[in-house]
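Q: Would you mind keeping the following structure in view while I ask a few things?
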Amino acid sequence: MKTKALLISLLFVMFMSGCSKRIAYSSEFIEKTSGKYLYNQDDIIEIFYEDNSLFLKWRGAEKIKPVILAENEFFVPDMYKKFHFVQHPETKKRYLSIINKDDTSKVTYDYLKVESDFKTPSMHLKDNEYDDALAAYLAIQRNDSTSALIVESDFNRLGYELIRKKEYKNAISVFQINAALHPESENVYDSLADAYLKSGDSLNAFTNYTKALERNTGNSRAKKYIKAYNKTSP
């Protein structure tokens, strides 16, 4: 059944591709529709034009060619959805809107067009803009404390990748974000202490191992370090 469904989907995409039209987009239409659209809180669809042809960037794909059905209607095989551009009548904000397959007259405001310099939290993180990244992740957490975008282990993994590269300052910043998002976790402070220790900052290592031990009195590594630090400190 899965093979049959896949074959039908493939034939549909091939059929749609054969229906793609060549549209002479006006400069006004291109200006209004080009840009970034917020797919989710940490993902962007970018619309751009080359030689009067519409393309998308999305999830690592630098140049997705949709099937053009009309000036303001296109099908994206990668998403298996039809889209058009709409403007909200009250806010005047622009959106990339999914065309409802059961009711094409229904207008939804799915993906908001954002400013050209807009960055998602992960973009800020990638660019080492840690204060902006933290603010964005905290906003996500306020909206959804169980969001997959703020999983503790993901930040921890990234922090240790940076430690392996000896980028200790960046690792500390990532672990600090994790601590701000998950302040009751023992592990975030243990990792932060580890990064400080590797960077040569014994005082902050002590401070964070102490926080880790407060949250888990069985943390042997924290106990060992605190005991050694107290012996050597004046």
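Q: With springs only between Cα atoms under 10 Å apart, run a GNM on the chain and tell me which of Glu50, Glu161, Glu73 wobbles the most.
A: Between Glu50, Glu161, Glu73, it is Glu50 that shows the largest mean-square fluctuation.
Q: Taking springs between alpha-carbon atoms closer than 10 angstrom, which of Ser27, Ser116, Ser53 fluctuates most in the Gaussian network model of the chain?
A: Looking only at Ser27, Ser116, Ser53, the largest GNM fluctuation is found for Ser27.
Q: According to the square roots a ≥ b ≥ c of the eigenvalues of the Cα gyration tensor, what is the shape class of segment 17-59, taking rounded for a/c under 1.5, prolate for a/b larger than b/c otherwise, and oblate for the remainder?
A: Cα axes put segment 17-59 in the oblate bin.
Q: Report the number of Lys pairs in segment 100-173 whose alpha-carbons are under 26 Å apart, with separation of 8 or more residues or on distinct chains.
A: Lysine pairs meeting the criterion: 7.
Q: Measure off, as a whole percent, the carbon and sulfur share of the 1.4 Å-probe accessible area of the chain, all protein chains present. Numbers along the way, then the final one.
A: Working: 7290 of 13970 Å².
On the chain, the fraction of accessible area on carbon and sulfur atoms equals 52 percent.
Q: What FRET efficiency comes out for Ala148 versus Lys92 if R0 is 45 angstrom and r is the Cβ-Cβ distance? Round to the nearest 0.05. Display every interim value, and only then the final one.
A: On the way: r = 32 Å, r/R0 = 0.71.
Here the calculated transfer efficiency is 0.90.
Q: Under the Kirkwood approximation applied to all pairs of distinct alpha-carbon atoms, what is the hydrodynamic radius of segment 25-108 in Å?
A: It is 13.4 Å.
Q: Related question: In square angstrom, what is the accessible area per residue of the chain with a 1.4 angstrom probe? Write out the running numbers ahead of the final one.
A: Working: 13970 Å² over 234 residues.
Ligands and nucleic acids excluded, the figure is 60 Å² per residue.
Q: From the helices alone, meaning DSSP H stretches of at least four residues, give me the mean residue ellipticity at 222 nm for the chain, per-run term -39500 (n - 2.57), in deg cm²/dmol to the nearest 500.
A: Numbers: 9 runs with 112 residues, N = 234.
Value at 222 nm, helices only, nearest 500: -15000 deg cm²/dmol.
Q: When a/c reaches 1.5 or more, the comparison of a/b and b/c decides; with that in mind, is segment 115-175 rounded, prolate or oblate per its Cα gyration tensor?
A: Oblate shape, in that a/c is at least 1.5 and b/c is the bigger or equal ratio.
Q: Here's something else I'd like to know. Loop-only trypsin sites (Lys or Arg not before Pro) in segment 156-214, please: DSSP not H, G, I, E or B, and at most 14 other Cβ atoms within 10 Å.
A: Values: sites: Arg157, Arg164, Lys165, Lys166, Lys169, Lys198, Lys211; in loops: Lys165, Lys166.
For trypsin sites (Lys or Arg not before Pro) across segment 156-214 that sit outside H, G, I, E and B with at most 14 neighbouring Cβ atoms in 10 Å, the list reads Lys165, Lys166.
Q: About the Cα centre of the chain, what is the dipole size in debye to 20, counting +1 per Lys and Arg Cβ and -1 per Asp and Glu Cβ, all else neutral? Don't skip to the answer; put the middle values down first.
A: Details: 34 positive and 32 negative charges, 155 e Å.
Charge dipole of the chain: 740 debye, to the nearest 20.
Q: Is the chain best put as rounded, prolate or oblate by its Cα gyration tensor, with a ≥ b ≥ c the root eigenvalues, rounded for a/c under 1.5, and otherwise prolate when a/b is larger than b/c, oblate when not? The partial results should precede the final answer.
A: Working: a/c = 3.05, a/b = 2.63, b/c = 1.16.
Taking the square roots of the gyration eigenvalues as a ≥ b ≥ c, the chain is prolate.
The values are calculated or read from the model by the stated rules, or taken from the named source; none is laboratory data. Remember, predicted model here, so these are calculated numbers, not experimental data. Quick reminder, even Gly has a Cβ in these numbers, built from the backbone with ideal geometry, and neighbours come from all protein chains shown. Note: areas computed on protein heavy atoms with side chains; ligands, DNA, RNA excluded. Shrake-Rupley method; radii C 1.70, N 1.55, O 1.52, S 1.80 Å.
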